[in-house]
Every structure is written in structure tokens, then in C-alpha cells.
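All remarks here apply to the structure that follows.
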Amino acid sequence: MPKQVILGAHFPGVNNTTVWSDPRSGSHIEFESFRRFAQTAERGRFDFLFLAEGLALREQRGHIHDLDVVGRPDTLPVLAALAGVTEHLGLVGTINATFNEPYELARQFATLDLLSQGRAGWNVVTSSDAFTGRNFRRGGYLPREHRYARAESQVTANRHLWDSWDQDAVVADRESGQFRTGRDGDFAYTSHFFDIHGTFNTPRPTQGHPVIFQAGDSDDGREFAARTADAIFTGHGSGDDGRAFYRDIKGRLARYGRDPEDLKILPAATFIVGSTDEEARRISDTVRRQQVSGQTAQLILERIWNRDLSGFDPDGPLPDIEPESHPGALVQGRVQHVKDPAAEVARLRQLAADKNLSLREVAIEISARQNFVGSPETIADTLIESVETGVSDGYILVPHITPGGLDDFVDHVVPILTQRGALRSEYAAGSTLRDNLALGGARSATAWEAGSAAGLAELAGHELAGHDLAGHDVTERRASA
Ligand SMILES: Cc1cc2nc3c(=O)[nH]c(=O)nc-3n(C[C@H](O)[C@H](O)[C@H](O)COP(=O)(O)O)c2cc1C
């Protein structure tokens with residue numbers, strides 16, 4: 001039997017992947033789109049649906065990105081509504097750890113977990129810049145390197161809150177008149193970032209703790225995941241790059257007393273299903289042109305040039321001006337910046353010369369590439385092989401058409417995955433998201449903290465001695481915060 005392929009379905013909302021003009025594309029805010037998408041994922045016996053979070057409308061040249069305006073309704077109400085129209089599907093939402101308070105988040109995720117009977121997951125992100133922070137009363141709160149320290153403290157505080165009630169504390173026995181037993185919701189948690197104590201007012205989540213995801217690629221982000229998360233959402237999804245990321249992350253776990261299976265690695269993946277490989281390739285070429293209009297091509301290259309390229313003809317050659325080395329304020333609200341613009345521009349010029357490409361064709365070439373393109377058999381085999389050979393533990397699929405694009409995968413690829421034994425033929429009765437991901441029971445907050453402390457002590461004595469360790473030195477953080 002092959003290993004099970006974990007499958008998530010990402011409703012992308014705002015994204016250059018999305019071909020909003022396709023007749024099968026629907027609204028990205030009306031509930032009907034989410035309902036249809038979620039029920040399709042459940043028909044395919046996926047593990048979970050996944051939502052990202054956008055806290056600021058991204059800007060380029062001072063203008064907001066058009067798709068942003070319609071694309072990202074608030075995560076938790078959408079997931080709560082979906083809990084009512086699905087039965088088995090996990091509901092994973094991205095919520096930042098920087099601008100929220102533990103008490104409110106613990107209540108929200110406990111409630112989602114209880115409403116959905118154990119299907120909640122939290123993708124913990126930190127967000128990355130003051131541009132996002134200015135929407136909150138704290139402005140550009142927290143230097144980047146301290147955000148993971150807050151995130152870790154945030155998750156730990158949430159775990160203490162979830163642990164404050166016993167699982168079976170509420171008995172509501174009419175005969176005996178006893179309403180509750182067990183622990184009483186008292187909690188106390190103090191760190192550099194929080195000092196909270198009181199009585200938690202929401203019963204323990206069905207899963208004990210909702211499943212914790214992480215997304216963020218720096219060394220601090222990876223260590224945070226190794227210490228704290230049950231799953232990682234990543235862009236490293238194919239070939240040697242995926243394998244290197246997988247090895248790197250799984251290799252960090254032992255230090256914190258964890259096994260490789262305790263943290264699932266789930267890259268984002270786009271797909272194009274055709275009746276043959278050849279047909280899929282043809283569709284893929286068309287989709288890539290749809291995804292990258294002339295104007296989008298200019299925007300994509302501006303992120304590399306860090307300069308206004310609106311005066312350059314998308315169907316003409318690459319701009320003959322040199323890039324600015326620093327991103328400056330041209331692009332706001334995007335997490336990925338090009339590390340060495342001059343080197344990247346040189347690479348693109350070579351690419352354009354080798355293949356005789358226009359500005360737009362270069363943009364198409366370097367972006368919007370679909371991960372899985374082929375017949376249903378080809379895609380199923382590639383997925384299975386990726387999981388068998390240590391590229392990932394599964395994928396979070398991002399259809400380029402929402403909500404209609406997931407049907408191609410569910411109707412054609414899922415039956416083959418099931419037939420090959422790589423995907424469940426039905427959900428196990430009463431299974432939670434944690435069960436479906438084979439994560440085992442939730443560890444207590446105290447057990448997580450002990451694992452982290454032991455690993456951090458070991459780290460401090462080893463290769464990272466002298467490194468900031470995401471600001472774990474409380475004295476230092478106090479001084480600079
Ligand atoms: C695959 C991936 C998905 C992400 N999704 C989101 C998101 O939905 N919302 C958000 O605010 N940040 C998101 N982030 C950004 C991270 O929260 C983080 O702020 C950023 O990557 C900077 O951290 P890093 O230096 O560790 O990568 C994502 C990052 C990655 C790598």
C-alpha cells in the first residue's frame with residue numbers, strides 16, 4: 001500500500017493564480033462559492049479546506065491590486081458557516097499571531113472546533129511588515145525578528161486556555177442535577193508578551209487543541225514550526241527543492257522530542273487535468289496566458305525591478321533600465337522580495353535572449369507555472385511518488401478557477417488515488433481533523449513547553465549559539481520592544 005496522500009483544498013481568493021474571467025469562476029465573497037467548493041472537497045474525501053488571510057490591500061505604485069478588493073472576507077466566519085454544510089472536512093484558517101490576543105483567539109478556535117465537532121485548524125502566520133500593522137492601533141508593531149517569539153507565546157497561551165477545562169467537564173446530568181465536574185477553566189500565563197489570568201469561558205475544544213499549521217519560510221519560521229506546529233503550508237513543493245525543505249524541517253524535530261510524522265509538510269500546488277498529457281499541456285499554456293495579462297506582466301516584473309515599468313510595452317522587449325536594489329515603497333503588502341534584483345534581471349535577460357521572449361512572455365515563463373499538469377493517471381502517479389520519495393506528505397491544492405476548478409481533480413484524479421490505495425475511500429466515522437492527518441492526540445501546553453525548552457537549551461549550546469533565536473532572551477526583548 002502506498003502512503004496516504006494528505007489533501008487540502010485552498011480557496012485562493014485574491015491571487016494571480018485565479019482566472020476570475022472564466023465562466024466557471026464565481027464570486028469570491030458570496031457564501032455559495034465557498035459552500036460549493038467545500039462540498040466538492042468533501043466529495044473528494046479531502047482532509048481539509050484552507051483559507052489564507054489578507055489583512056491589508058496590497059499596493060503597487062500606490063494603487064491597490066484590483067482582485068484584493070473582492071477576495072478575502074474574514075476567515076473565521078466563513079469557516080464557521082462551512083461547518084454547517086459539511087460533515088467531515090477539516091476547516092483550516094490563517095490567522096495572524098501578531099495583532100490578536102490569546103483569549104479571543106482561543107475562544108474563536110475552540111468554538112469553531114466545537115461547532116464542527118473536531119475539524120478546526122489554525123494556520124499561524126506573523127505577517128511581515130509595518131504596512132499591514134498600520135491598519136491596527138499598534139502601527140508597525142514588533143520588529144520582524146520578534147514576531148515569531150510573540151507567535152510562539154501566542155500559541156502557548158492559547159494551549160493553556162484550551163487546557164483549562166477538562167474534556168468531559170460539562171456533564172449536565174439531569175438525574176443527579178450535576179451540571180459540571182472536572183477542572184474549572186482557571187488559567188494563568190505570563191511571558192514577555194502576555195500576562196493573563198482568569199477563567200476561560202469556552203469548554204475544551206473537541207480535538208483538545210485545534211491542529212496548528214504554520215506558514216513562513218525563514219530560519220526562525222522553520223524553527224517555530226518545528227517547536228510548535230502540526231503541519232506546514234509551504235511553497236517548496238517539487239523535486240529537489242521540495243526534498244531539501246522536507247529533510248530540513250523533519251531534521252529539526254528530534255531536538256524538540258518530536259518524530260518526523262508529528263509535523264506534516266504540505267506544499268501549495270496548482271494543477272491542470274487533461275484527458276491526455278498533451279491536452280493538459282495545451283490547456284496549461286492557455287491558462288498561463290489568461291493568468292498573466294499585459295498589465296499583470298508589468299506588475300510581476302516591477303516586483304523584481306523595484307521600479308515603475310508601466311511605460312514599457314508588454315509585447316516589447318524587457319525594460320532596458322537597471323533595477324533598484326531596494327524594494328522601497330513601490331510594492332506594499334507582499335511577503336516575498338527578490339534578494340538580488342541585479343542578478344535576477346541578468347537571468348531574465350538571458351532567458352529572453354535564449355528563447356526570444358517579450359516582456360509578457362518572460363513574466364509568463366517565471367510565474368503562474370502549474371505544478372501538476374497531465375492526465376488523471378499522470379497526476380495521481382506524480383502525487384503518490386512525491387509522497388513516497390520525501391518531497392511532501394501531501395498537497396494543498398489551489399485551483400485556478402474557484403469554485404468550479406476543484407471538480408476536475410475530484411472527478412478524475414481522486415478515483416485513481418483511491419483505487420491505488422493512496423486516499424481513503426470513505427471518512428472514518430467520527431474522525432477529527434487530527435485523526436485524519438494521523439497526528440495522534442493533542443499534547444498538553446506544558447508538554448509542548450517542556451519540549452521547546454529542552455530543544456532551545458540544546459540549540460543554545462550548538463551551532464546557533466549567539467544567534468538571536470527569534471528573541472528568546474527576555475531581557476533583550478524588553479530592552480528593544
Ligand atoms: C506559503 C506561505 C503562505 C503564507 N500565507 C500567509 C497568509 O495567508 N497571510 C499572511 O498574513 N501571511 C502569510 N504568509 C506570511 C508569513 O506569515 C510570514 O509573515 C512571512 O512569510 C515572513 O516570515 P518568514 O520570514 O518566516 O517567511 C505566508 C507565508 C508563506 C511562506
*Cα shape, segment 7-97, gyration tensor, a/c 1.5 rule*: prolate
*May I ask for the angle, rounded to the nearest 10°, between helix 294-305 and the longest principal axis of the chain, with both axes built from Cα atoms and the value confined to 0 to 90°?*
70 degrees
*What Kirkwood radius, in Å to one decimal, follows from the Cα pairs of segment 102-231?*
16.0 Å
_Solvent-accessible area per residue, Å², over the chain with all protein chains present [probe radius 1.4 Å]_ = 43 Å²
_Stretch gain in nm, segment VAL338-THR389, where the contour uses 0.36 nm per residue and the Cα spacing is subtracted_ = 15.4 nm
_Given the whole protein assembly as supplied and a 1.4 Å probe, what does the accessible area of GLU87 come to in Å², nearest 10?_
140 Å²
_Using the Karplus curve 6.51 cos²θ - 1.76 cosθ + 1.60 with θ = phi - 60°, what ³J(HN,Hα) values do you get for each residue of segment 201-216, in whole Hz, with x for Gly and Pro?_
10, 10, x, 4, x, 4, 7, x, 10, x, 5, 9, 9, 9, 9, x
*Which loop trypsin sites (Lys or Arg not before Pro) in segment 314-383, with loop taken from DSSP, have no more than 16 other Cβ atoms within 10 angstrom of their Cβ?*
ARG334, LYS339, ARG369
*For helix 376-388, what angle does its Cα long axis make with the longest principal axis of the chain, in degrees from 0 to 90 and rounded to 10?*
50 degrees
*Under the definition of Cα pairs under 8 Å and six or more residues apart, what whole-number percent is the relative contact order of the chain?*
24 percent
_Values of log10 I(q)/I(0), in the order q = 0.16, 0.21, 0.22, 0.24 Å⁻¹, for segment 305-410 under a Debye, Cα-only, solvent-free model_ = -0.94, -1.09, -1.13, -1.24
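Taking all protein chains in place and a 1.4 Å probe, what share, in percent, of the accessible surface of segment 13-55 do carbon and sulfur account for?
51 percent
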*Cα gyration tensor category, rounded, prolate or oblate, for segment 367-420 with a/c compared to 1.5*: oblate
*When DSSP assigns beta bridges and you keep just the ones with both residues in the chain, what percent turn out antiparallel, to the nearest 5?*
25 percent
*For segment 162-309, what is Rg from Cα atoms divided by 2.2 N^0.38 Å, rounded to two decimals?*
1.64
*Take the solvent-accessible surface of the protein heavy atoms, probe 1.4 Å, and return the percent of it on segment 286-436 that carbon and sulfur atoms account for.*
47 percent
_Over the Cα atoms of segment 380-453, what radius of gyration and what Dmax do you get, in Å?_
16.4, 47
*Considering the convex hull of the alpha carbon atoms of segment 37-176, report its projected area averaged over all viewing directions, in nm², one decimal.*
11.4 nm²
_For the full complex of protein chains and a 1.4 angstrom probe, list GLU388, GLU426 by accessible area with the highest value first._
GLU426, GLU388
*Using alpha carbons only, how many degrees (0 to 90, rounded to 10) separate the axis of helix 219-228 from the longest principal axis of the chain?*
30 degrees
_segment 358-415 versus segment 298-337: alpha-carbon centroid distance in Å_ = 28 Å
*May I have the extent of the alpha carbons of segment 330-388 along their three principal axes, as whole Å values ordered from largest to smallest?*
41, 32, 18
_For ASN123, what residues show an amide H to amide H distance below 5 Å, using hydrogens built from the backbone and excluding near sequence neighbours?_
GLY93, THR94, ILE95, PHE213
*Which whole-Hz ³J(HN,Hα) couplings does segment 24-31 yield from phi under the Karplus relation 6.51 cos²θ - 1.76 cosθ + 1.60, θ = phi - 60°, glycine and proline marked x?*
7, 7, x, 4, 9, 10, 6, 4
*Where in segment 82-100 does the amide nitrogen come within less than 19 Å of the point 7 Å from the Cα of GLU30, taken along Cα to Cβ?*
82, 85
*Does segment 242-339 come out rounded, prolate or oblate, given a ≥ b ≥ c as the square roots of the eigenvalues of its C-alpha gyration tensor, rounded meaning a/c under 1.5 and, failing that, prolate meaning a/b above b/c?*
oblate
*Over the chain, consider all pairs of different Cα atoms and compute the Kirkwood hydrodynamic radius from their mean reciprocal separation; express it in Å, one decimal.*
23.8 Å
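Determine the order of HIS209, HIS326, HIS63, HIS192 by accessible area, beginning with the largest, at a probe radius of 1.4 Å.
Correct descending sequence by accessible area is HIS326, HIS63, HIS192, HIS209.
The values are calculated or read from the model by the stated rules, or taken from the named source; none is laboratory data. Nothing here was measured: the structure is a model prediction, and the numbers come from that model. Neighbour counts are summed over all protein chains in view; Cβ atoms, including those assigned to glycine, are modelled from backbone coordinates with ideal geometry. These accessible areas exclude ligands, DNA and RNA; they are computed on the full protein's heavy atoms, side chains included. Shrake-Rupley method; radii C 1.70, N 1.55, O 1.52, S 1.80 Å.
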